[in-house]
Amino acid sequence: THTVSLKLFNGSIMEISRKGKGEEGMNNVQFNTYNVSFNINTKPYKISNLKKREREMTNTELRAKIQYLKKKNILANTKWINKGISEDISSILTRIQTRIALSFSSFVFILIGFPLGVRIHRKETSIGIAISLMFVAGYYFLMTFIEAFQDKAELCPWLLIWIPNTVLALAGVLLIYKLFKK
């Protein structure tokens, strides 16, 4: 057999236990020397067999997962979607809509930034930066707040996630209107 050996010096191995969370779930092993051998004749584990987490999936994969969950519910012969599946679907829909809403956020920030940039004079640059930072902080606070409800299907968080974009876009349009009205 063909083997490759590695000799590691002065290190540590961090292992996460399946039961524990946080620091209690961590096992830390310190070593001075550690020998690792690999048999290169065996087939490596296929990366495609690894299960992706939801945040690593594409929108297409997430939509396929929603379809799978709906079929799973139908196969369980339940007329109504059970609470666990409903929460999973809500979470996935919220993740998809969050990605799309964040993509549109740059357009919304341009709508806000344009009239503020034109209005604010050179002496008031720090005020403009402060106002811009307030808009950005408010936007991301609202996005994070709404995402916290992603498991609450009855609140429709996949629709609520659009509130920050809508509010800022309306504010931007109003500011542009006032700018050109003068």
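Quick note: the coordinates plus some simple rules give every number you see, no bench work behind them. For clarity, every value in this text was computed on a predicted model and none was experimentally measured. Note that we place each Cβ from the backbone using ideal geometry, even for glycine, and neighbour counts take in every protein chain shown.
The table that follows gives values for the structure above.
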| read-out | value |
| --- | --- |
| For peptides 140-146, 33-39, sequence by mean Cβ density within 10 Å, most packed first | 140-146, 33-39 |
| Packing rank of 151-164, 51-64, 97-110, where each peptide gets the mean count of other beta carbons within 10 Å, highest leading | 151-164, 97-110, 51-64 |
| Phi-based couplings in Hz for the stretch 28-35 (Karplus 6.51, -1.76, 1.60; Gly and Pro marked x) | 10, 10, 8, 9, 8, 9, 9, 9 |
